[in-house]
Each structure stands twice: as C-alpha cells, then as structure tokens.
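Below is one structure, written out as structure tokens; the observations come after it.
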Amino acid sequence: MLVTSYQVRSFQLSDSVAVTELFRNVMSDDCYDETMAAFARQLSWDSELILVAEEEQKIVGVIVGTIDKQQAYYYRIAVGQEYQRRGIGQALIEALRQRFVGRKVHRIMVTVDVHNEVVLPVYEKAGYGSDDFSRNPHRLSIVNG
C-alpha cells in the first residue's frame with residue numbers, strides 16, 4: 001500500500017518560484033509560455049483555483065483551474081516526473097473539483113489543447129469522459145486575456 005506523504009493546499013505567493021520551475025521542468029517551451037501567461041492571469045483574478053501538492057516542503061505538483069461564464073475548467077496540471085504515478089494528480093483534481101462544487105458552477109470541464117492531450121487519461125481515471133473535454137481553450141478568459 002502506498003503511503004501518501006504529500007499534502008494538497010492553496011497556492012501561496014511564496015510558491016511562485018517553485019511552481020515556475022516545475023512548469024519549466026515538465027513542459028515544452030511553447031506549453032510553458034502559454035501556461036505562464038494564463039497562470040499569471042488566473043493568479044490575479046482568483047488564486048484560490050490554483051492548488052499545489054507539497055511533499056517535505058517541496059512543490060511536487062500544481063493544478064490551475066478557472067471559472068468562465070459559470071463553467072469550471074481544469075486548465076493545466078503538472079506533477080514532477082519523479083512524483084508521477086503516486087496519486088498526486090488525482091488528489092489535485094479532486095481538491096480542485098471540491099472548490100468548483102463549492103462555487104456552484106453549472107458544469108466542470110477539462111480544457112484540452114495540443115499540450116495536455118497526454119494527461120487526459122489522468123482525468124479519465126478521475127471520472128471525466130469525452131463529454132467533459134473542452135477543445136476550445138482559446139475561448140477561456142485566462143488564455144486570451
């Protein structure tokens with residue numbers, strides 16, 4: 001049985017450098033650039049929809065969500081390579097889902113673009129299916145400003 005030694009919590013300003021490094025380490029340059037712009041917008045609008053997973057005072061995962069027109073969207077998830085396949089992604093998705101539900105959104109969607117197709121199985125494992133995938137990320141306010 002896998003013992004979880006990480007905790008999921010709200011993003012704090014002091015996490016900025018560690019989150020930026022995590023994004024840099026696990027994303028392509030194009031994905032990183034797009035994600036950082038959206039991350040900055042979401043941070044200024046509603047930082048409560050950005051969560052991190054922390055293990056032994058190290059940021060090992062992050063998820064960025066947003067709410068646009070009463071619909072919630074998982075925008076981007078990243079987990080350090082050495083920490084993958086330990087349930088951290090699932091824990092981040094569930095914690096953000098709880099925040100979305102608390103906001104009484106009409107629907108929860110998974111944003112899909114060329115950069116995150118590879119993580120769709122993580123969302124599927126969390127119970128999301130093709131009907132929950134939004135393939136129009138450019139329509140989100142955090143993406144197009």
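The values are calculated or read from the model by the stated rules, or taken from the named source; none is laboratory data. Please read these numbers as outputs of a predicted model, since none were measured by experiment. Cβ coordinates were reconstructed from backbone atoms using ideal geometry, including for glycine residues, and neighbour counts include every protein chain displayed.
A compact table of results
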| quantity | calculated |
| --- | --- |
| Residue that is β-branched (Val, Ile, Thr), at pLDDT 95 or above, crowded, with 17+ Cβ neighbours inside 10 Å and under 12 Å from the mean Cα position of the chain (by Cα), where the choices are 88, 108 | 88 |
| Residue list for region 27-46, filter: touching a residue at least 40 places away in the same chain (Cβ under 8 Å), more than 16 Å from residue 113 (Cα to Cα) and touching a Phe, Trp or Tyr at 6+ places or on another chain (Cβ under 9 Å) | 42 |
| Which numbered condition residue 120 fails, given (1) surrounded by 14 or more Cβ atoms within 10 Å (Cβ to Cβ); (2) under 17 Å from residue 38 (Cα atoms); (3) free of Cβ contacts under 8 Å to residues at least 24 places away in the same chain | (2) |
| Some residue of region 7-18 being in contact with a helix residue (DSSP H, G or I) (Cβ under 7 Å, 6 or more places away or on another chain), closer than 19 Å to residue 84 by Cβ, modelled with pLDDT of 95 or more and outside any helix (DSSP H, G or I) | yes |
| Strands (runs of 3 or more DSSP E) lying entirely in region 36-144 (those with 3 or more residues that are farther than 21 Å from residue 19 by Cα) | 107-111 |
| Residue, surrounded by the fewest Cβ atoms within 10 Å (Cβ to Cβ), within region 29-82, restricted to residues that are among the small types (Gly, Ala, Ser) and farther than 21 Å from residue 136 by Cα | 44 |
